[in-house]
Amino acid sequence: MDEQTRQAVEAATFRRLLEHLRTHTEVQNIDLMILADFCRNCLSKWYTAEATDRGHEMDYESARELVYGMPYAEWKQRHQTPATPEQLAAMDAKKSR
């Protein structure tokens with residue numbers, strides 16, 4: 001696979017990942033952190049860093065809107081639920097490893 005095709009495939013894969021996360025709003029960021037050590041906010045931070053590294057200024061909130069598909073405050077109001085005691089315990093256990 002040539003470089004241009006590889007980059008196009010990677011970009012399309014990333015877009016599919018974002019769409020998947022936008023579709024599965026029942027999966028909370030804490031769940032992603034517990035299972036995979038990253039969440040939607042991590043993707044936003046990585047996006048901001050990569051854009052900046054390439055000379056394109058992008059603030060964190062703009063990146064979050066891109067990842068969440070809407071302003072973060074709106075997503076949080078619509079979809080974020082309080083962390084359960086089990087989720088908090090799992091997160092604490094993960095941090096202490």
Residues V27, V9, V67 in order from fewest to most other beta-carbon atoms within 10 Å are V9, V27, V67
For the stretch 17-27, in residue order, the Karplus 3J(HN,Hα) values (coefficients 6.51, -1.76, 1.60; θ = phi - 60°; whole Hz; Gly and Pro = x) are 4, 4, 5, 4, 5, 5, 6, 9, 5, 5, 7
For the stretch 2-97, listing GluC sites (Glu not before Pro) in a DSSP loop whose Cβ sees at most 15 other Cβ atoms within 10 Å gives E26, E57
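Which order results if Y60, Y47, Y68 are arranged by neighbouring Cβ count within 10 Å, fewest first?
On the way: Y60 14, Y47 19, Y68 23.
By the 10 Å Cβ count, ascending, the order reads Y60, Y47, Y68.
Got a sec? How would L17, L66 order by Cβ neighbour count within 10 Å, fewest to most?
Ascending Cβ contact count within 10 Å gives the list L17, L66.
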With +1 at each Lys and Arg Cβ and -1 at each Asp and Glu Cβ, the charge dipole magnitude of the chain around its Cα centre, to the nearest 20 debye, comes out at 240 debye
Summing -39500 (n - 2.57) over every DSSP H run of at least 4 in the chain, dividing by its residue total and rounding to the nearest 500, the 222 nm mean residue ellipticity is -22500 deg cm²/dmol
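No value in this document is a laboratory result; all are computed from the given coordinates. Since the model is a prediction, treat every value here as computed from it, not as a measurement. Note that each Cβ is placed from the backbone with ideal geometry, even for glycine, and that neighbours are counted across all protein chains shown.
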